[in-house]
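Everything below concerns the one structure shown next.
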Amino acid sequence: AGGGILSRGLEASASYDFDDTWGIVATATYKQFLNDAAASPIVKAGSADQVSMSLIVTRAFSFSF
């Protein structure tokens, strides 16, 4: 792909801590390919609009010395 803007999109995330140790993070992303990236044969075989989501469990560790 050449230079310039290749995509635009939005991302939203939220996190929640169950306690001082455990938590969760949820993320949703929307991306739309533009210009040279949208003209790619790989993108043309699928869609220029891409959606992804993730759900991550977090755990805090404490090392005392």
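Some points to look at:
- Filter result for SER52 (small (Gly, Ala, Ser) and either modelled with pLDDT under 90 or in a loop (DSSP other than H, G, I, E, B) (or both)): no
- TYR16 meets the stated requirement of being among the aromatic types (Phe, Trp, Tyr), in a strand (DSSP E or B), modelled with pLDDT of 95 or more and closer than 30 Å to SER62 by Cβ.
- Consider the range 1-15 and keep the residues that are among the hydroxyl-bearing types (Ser, Thr, Tyr) and within 15 Å of SER52 (Cα to Cα). The one that is least open to solvent (accessible area, probe 1.4 Å) is SER7.
- Search result, residues across the range 40-65 that are open to solvent by 80 Å² or more (accessible area, probe 1.4 Å), β-branched (Val, Ile, Thr) and touching a strand residue (DSSP E or B) at 6+ places or on another chain (Cβ under 8 Å): VAL51, ILE56, VAL57
- The set of residues from the range 19-50 being closer than 30 Å to SER62 by Cβ and of a type in the set (Asp, Glu) comprises ASP19, ASP20.
- Test: PHE18 is exposed (fewer than 13 other Cβ atoms within 10 Å of the Cβ) and of a type in the set (Phe, Trp, Tyr): yes
- Scanning the range 22-39 for residues that are open to solvent by less than 50 Å² (accessible area, probe 1.4 Å) and assigned to a loop (DSSP other than H, G, I, E, B) gives a single hit, LEU34.
The values are calculated or read from the model by the stated rules, or taken from the named source; none is laboratory data. Since we're looking at a predicted model, the values are computed, not measured. Here Cβ is always computed from backbone atoms with ideal geometry, including for glycine, and neighbour counts include all displayed protein chains. In case anyone asks, the SASA skips ligands and DNA or RNA and just uses the protein heavy atoms, side chains included. Shrake-Rupley method; radii C 1.70, N 1.55, O 1.52, S 1.80 Å.
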